[in-house]
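So the structure is just underneath, and the comments pick up after that.
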Amino acid sequence: MRGVWVAVLAAVYLLHGLSGQSCAKILAAPWPQQAGAPSEGEANPAPKRWYKGNLHTHSLWSDGDDFPEMIVDWYRERGYHFLAMSDHNILSEGEKWISLTEVEKRGGKQAFPRYQARFPADWIEMEGTPETGSKVRLQPLSKIQAAFEIPGKFLLIPSEEITDKGVHINATNIGEVLQPQGGASFVDMVRNNLRAVAEQAERTGRDILPSLNHPNLSDRGLSAEELAWLLENRFFEVWNGVEGDGDLGSVKRHSLERMWDITTTLRLTQYNAPPMYGLATDDSHNYHGNQKAKPGRGWIQVRAESLSTQAILDAMRAGDFYSSTGVELTELAFDPVTRRLSIAIRPDGEAQFTTRFIGTRKNYDTSTTARLDPATGEVVPGILDYSAELGEVLAVVEGLRAEYQCTGDELYVRAEVTSSEAPEFPTTESPVQKCWTQPYAWQVGPAAPRGDGPDVPGRERSGKAEPTLHLNRSGLGD
């Protein structure tokens, strides 16, 4: 099977102008496979452990309300192992100054005094006077890394949230700032920005992992069908910690979990392509009184060989991680031989746990209907409703251990664990703690052509017909 994909990939990469040497380098990269399946020739894989991290974080470098090192200190002191600073359209490097007036406007009167109390005077750089307007320098990530990183215990990863109108894409481990690429539609904007990320990764030899943020922001964005068609995108936020950002959907939008099941089903059945992997993130902006975008609400647990950027990215691409708002797993295993998915949950006081195994069967009802606005009776553009057989609950298990034995008729299966306890920092969209595994038990065959985009009511096709694209080390095909 790998030989078929290599032939397709080679043709696609050469079509898009990559050199034979670059093509060979990309194709030599490890082939992505489901977590739980050992790599070829890896009889005794190196021991791995779980690392907790957040990949979506904002500071005063863009629209956050606290200093970056105060934020880093918060996460490190609370047991996180890695953190990505992902400010909008900027890398936190170089020289940037901010007025104390602006600091107070965003974070309140306590923001700067707290900063002064935490760090010594020779760390804080000031200019100006109260009469002319005092300013403080925002310290670059490289200086913060030198002060806070501890090998094997805490890691900082550079990142940028490429913010292009309604499209927001995190580029984790990016090396140079990327300006928004624009486009005539949401699809075009996503593709153009993902292409720019891939080009930087190829040019610099740097491994960059892009992910689509809050797909339901402002009740608009890509449809589930468009997201399934965009095979270049392999990661998206299934849960975002900002209050009211659309995690649960609306009349106009599927919930993010429902969107995940739709896109997974469509990718496997229409495009013979791997599913997207789902992230939980903070998208933290507020570190003082404002409750809208607090830290500590969503994170990922990555099972990696070491606490290094490359090991974290490699494990994520293999799907060897889960997302959480509070539930912690002590065991997560999928046996590719017996096709059994097993999990064990860490006890949490008197909390009760319910595990739902969710998936779509191969003979599912494929019918769709246009969604009608209950208030007007008119068709809601950009959304189709699917049968309950798509993303159905396959089994429910109570308690600290749960297993699901695949029968062979599932396209995929994933686990969702719900606790009876509230998170430390709950929102109206997250009243109880949860965690989500990635999809397992899926298989893909030979590449299928994508055509020029899906048919969705009220949407014009914006893609162009071209070969199905799959993954290189940047997670993109073109």
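Annotations
- Just one of the listed residues (298, 289, 278) is closer than 28 Å to residue 424 by Cα and at pLDDT below 95, namely 289.
- Failed item in (1) out of contact with any His (no Cβ under 6 Å at 6 or more places or on another chain); (2) buried (at least 23 other Cβ atoms within 10 Å of the Cβ); (3) under 20 Å from residue 89 (Cα atoms), with residue 217 passing the rest: (2)
- Unmet requirement for residue 368, which otherwise passes all of (1) over 26 Å from residue 220 (Cα atoms); (2) hydroxyl-bearing (Ser, Thr, Tyr); (3) in contact with a strand residue (DSSP E or B) (Cβ under 7 Å, 6 or more places away or on another chain): (1)
- The one condition in (1) of a type in the set (Gly, Ala, Ser); (2) more than 17 Å from residue 258 (Cβ to Cβ); (3) touching a Gly at 6+ places or on another chain (Cβ under 6 Å) that residue 399 fails to fulfil: (3)
- Among the candidates 348, 373, 385, residue that is among the acidic types (Asp, Glu) and in contact with a His (Cβ under 9 Å, 6 or more places away or on another chain): 385
- Every listed requirement among (1) of a type in the set (S, T, N, Q); (2) crowded, with 21+ Cβ neighbours inside 10 Å; (3) under 15 Å from residue 438 (Cβ atoms) is met by residue 325 save one, (3).
- Scanning segment 404-430 for residues that are out of contact with any strand residue (DSSP E or B) (no Cβ under 7 Å at 6 or more places or on another chain) and either crowded, with 19+ Cβ neighbours inside 10 Å or over 25 Å from residue 248 (Cα atoms) (or both) gives 407, 408, 427, 429, 430.
- Strands (runs of 3 or more DSSP E) (entirely within segment 364-403) containing at least 2 residues that are loosely packed, with under 13 Cβ neighbours inside 10 Å and modelled with pLDDT of 95 or more: 392-398
- Residue match in segment 178-201 (condition: assigned to a strand (DSSP E or B), among the hydrophobic types (A, V, I, L, M, F, W, C) and in contact with a strand residue (DSSP E or B) (Cβ under 8 Å, 6 or more places away or on another chain)): no
- Selection from segment 233-258 of residues that are buried (at least 21 other Cβ atoms within 10 Å of the Cβ), more than 14 Å from the chain's Cα centre (by Cα) and more than 18 Å from residue 57 (Cα to Cα): 246, 253, 254
- Count - residues of segment 163-174 that are farther than 13 Å from residue 89 by Cβ and in contact (Cβ under 8 Å) with a residue 60 or more places away in the chain: 2
- Residues of segment 263-292 satisfying the condition of being hydrophobic (A, V, I, L, M, F, W, C) and within 17 Å of the chain's Cα centre (by Cα): 276, 279, 280
- Odd one out for residue 295, checked against (1) closer than 23 Å to residue 447 by Cα; (2) touching a helix residue (DSSP H, G or I) at 6+ places or on another chain (Cβ under 9 Å); (3) not charged (D, E, K, R): (1)
- Flag if residue 319 is out of contact with any Cys (no Cβ under 8 Å at 6 or more places or on another chain), in contact (Cβ under 8 Å) with a residue 40 or more places away in the chain and surrounded by fewer than 20 Cβ atoms within 10 Å (Cβ to Cβ): no
- Some residue of segment 349-356 being among the small types (Gly, Ala, Ser), surrounded by fewer than 19 Cβ atoms within 10 Å (Cβ to Cβ) and more than 28 Å from residue 225 (Cα to Cα): yes
- On inspection, residue 222 does not qualify as touching a strand residue (DSSP E or B) at 6+ places or on another chain (Cβ under 7 Å), touching a residue at least 24 places away in the same chain (Cβ under 8 Å) and among the aliphatic types (A, V, I, L, M).
- Selected residue (only one of 194, 222 is hydrophobic (A, V, I, L, M, F, W, C) and at pLDDT below 95): 222
- Residues satisfying the stated conditions in segment 93-124, i.e. surrounded by fewer than 13 Cβ atoms within 10 Å (Cβ to Cβ) and part of a loop (DSSP other than H, G, I, E, B): 94, 95, 109, 110, 120, 121, 122
- Filter result (in contact (Cβ under 8 Å) with a residue 12 or more places away in the chain, of a type outside the set (A, V, I, L, M) and surrounded by fewer than 19 Cβ atoms within 10 Å (Cβ to Cβ)) within segment 147-162: 148, 151, 152, 153
- Any hit, segment 189-201, residues being surrounded by fewer than 23 Cβ atoms within 10 Å (Cβ to Cβ) and polar (S, T, N, Q): yes
The values are calculated or read from the model by the stated rules, or taken from the named source; none is laboratory data. All values reported here derive from a predicted model rather than from experimental measurement. Neighbour counts run over all protein chains shown; Cβ positions are idealised from the backbone, glycine included.
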